[in-house]
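This report concerns only the one structure given below.
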Amino acid sequence: MSHDKRTSLEVFEESSLRNFHWRAVFTSGMGFFTDAYDLFIIGTVTVILSPLWHLTTLDLSILNATSIAASVVGALLFGRLMDRFGRKSIYGLEVILLVVGALVSAFAPGFAVLMLGRIIVGLGVGGDYPTSAVIMAEFSSRERRGFLVTMVFAMQGIGLLVGPLFAAGLLATHLPYDLIWRLMLGFGALPAATVFYLRRRISEPPRFLVSQGRTEEAQSVVHALTGRPAAQDRTFEPQGLFRSGYLKTLLGTAGSWFLIDVAFYGNGVSQQLILHHLLPHASLITTTLVATLIFGVAALPGYFLAAWQMDRLGRKRIQIVGFAVMALAYAAIMLDPAMVDELFLFLPVYMLSYFFIEFGPNTTTFLLPTEVFPTNVRGRGHGISAATGKLGAALGVFLLPLLLERLGLSLTLGLLSFVSLLGVLLTAWAIPEMRGRSLGDLERVATPVVDEAAESA
């Protein structure tokens, strides 16, 4: 091979969009459809269960937060495992947990078993974050990485829309409530089960193979996927996540994810409580349809606009603007308390905040940890960031019902305005811009061993 020929990773990163990119988007994205459905449907389920099982506000907070808290463990565990054993070797195990957890939840005879099912779901959800995100990033081209990884995450938006629609459809059937909530939770097993086979058959990403010194295997994978031969890559030197100057970046990715999830999950899982405050005499099906309207009109377009613009505007800019608009929207509601008593004044501002959650930090915090850490610690970096985010989510869903009860809606959203402002400041200080940059920019290429005797000869 000639010396000026591009290496396999250079060919891979400069490739145009191909069928294997779209297969990876579907294979990874269906997990996030399930993650969103499983995590947010519990908000409607708890409204149904509360009178059936005589749940207290504390019971509701614990049940809402259980899966999210368990996802912290799942993200840390799977992030570490994928760096240790490879992406392919563990991919698919997280969706098995999603299937099992959904079925255990659906058939739960009481509160304790339901909690167990939600813990299993949470472990699978947490595991899906680093595995799917990192695999998609490592299969992406340099110029379209932001688009492809964000498209995977945009499947969360579909799950957020399908959840309340499915719930509203079940409620309209007038089936017994004890059956309806079980069907809601059990449905989460179906989309997860559909992608298990695809996940087990996915190739090991070439960049991970090179990081392990398996450069010939990387060449073969690149040739099979792109149809183009390439020169062999040099392997990478392993780097430490806490010893190589990445600590500030990790603080930025983990901290900003923590802050957005306090607001996003606190709002999302407790949305039925918020809507009940605005529509105290409305039926559950009415508030569920209003929730569907909010997701469909505000949240869903934000996901896909973020995917479309991510490689044009840049991750850092989108994250700062998103946090800033959230802070302003929540502050406006706090400063005009009458707004929370009038649905048609409240909803436009609230929906604006939802749009900029998605066209903002909810998507960028998923993408950035796939780009800002070297390959040998990318899973751990994303896992720690996702786990920290889910700590924020657990805090949000646990505290928000209690805060709504004690402070009211206006002051509670005022607190979220402060959280969003912190997100602006942290992003500006600690997040690097990765638009258009190669993942290889973060690697230290191993220095070849020189045979001094051969050199002197």
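Quick note: the coordinates plus some simple rules give every number you see, no bench work behind them. Predicted model, so just to flag it, every value in this text is computed and none were measured. Counting neighbours? That spans all protein chains shown, and the Cβs are built from the backbone with ideal geometry, glycine included.
With 10 angstrom as the radius, rank M151, M326, M184 by how many other C-beta atoms surround their C-beta, starting from the fewest.
M184, M151, M326
Which whole-angstrom value gives the distance between the alpha carbon centres of the stretch 63-84 and the stretch 176-219?
So the separation of the two Cα centres works out to 15 Å.
Enter the angle in degrees (range 0 to 90, nearest 10) between the Cα long axis of helix 177-186 and the first principal axis of the Cα atoms of the chain, meaning the one along which they spread out most.
10 degrees
Give the order of I68, I333 when sorted by the count of other beta carbons within 10 angstrom, beginning with the fewest.
Result, fewest neighbours first: I333, I68.
Quick one: dipole size for the chain, taken about the Cα centre, charges +1 on Lys/Arg Cβ and -1 on Asp/Glu Cβ, in debye to the nearest 20. Present the calculation step by step, with values, prior to reporting the outcome.
Numbers: 33 positive and 32 negative charges, 92 e Å.
Dipole of the chain, to the nearest 20 debye: 440 debye.
What relative contact order, as a whole-number percentage, does the stretch 71-167 give when Cα pairs under 8 Å and 6 or more residues apart are counted?
Averaging sequence separation for qualifying contacts and normalising by length gives 32 percent for the stretch 71-167.
Using only helices, what value at 222 nm comes out for the chain when you add -39,500 (n - 2.57) per DSSP H run of length 4 or more and divide by the total residues, to the nearest 500 deg cm²/dmol?
That comes out to -25000 deg cm²/dmol.
Please identify the trypsin sites (Lys or Arg not before Pro) of the stretch 3-46 that satisfy two criteria: DSSP loop assignment and at most 16 other Cβ atoms within 10 Å. Which are they?
When the trypsin sites (Lys or Arg not before Pro) of the stretch 3-46 are filtered for loop state and at most 16 Cβ neighbours within 10 Å, K5, R6, R18 remain.
Could you line up S16, S438 from fewest to most neighbouring Cβ atoms inside 10 Å?
Starting with the residue having the fewest Cβ neighbours, the order is S16, S438.
Can you list which of the GluC sites (Glu not before Pro) found in the stretch 354-442 are DSSP loop residues with at most 14 other C-beta atoms within 10 Å?
Taking the stretch 354-442 and a limit of 14 other Cβ atoms within 10 Å, the loop GluC sites (Glu not before Pro) found are E433.
Given axes a ≥ b ≥ c from the Cα gyration tensor, I'd like to know whether the stretch 8-434 is rounded (a/c under 1.5), prolate (a/b larger than b/c) or oblate. List each step's numbers first, then the result.
Numbers: a/c = 2.01, a/b = 1.51, b/c = 1.33.
Judged from the Cα gyration tensor, the stretch 8-434 comes out prolate (a/c at least 1.5, a/b above b/c).
Compute the relative contact order of the chain as a whole-number percentage, counting only Cα pairs closer than 8 Å that sit 6 or more residues apart in sequence.
With pairs under 8 Å counted, the relative contact order is 26 percent.
Given an 8 Å cut-off on Cα distances and at least 6 residues of separation, report the relative contact order of the stretch 198-279 as a percent.
Over the stretch 198-279, the number comes to 20 percent.
By how many degrees, between 0 and 90 and to the nearest 10, does the Cα long axis of helix 93-106 differ from the longest principal axis of the chain?
Tilt relative to the chain: about 10 degrees.
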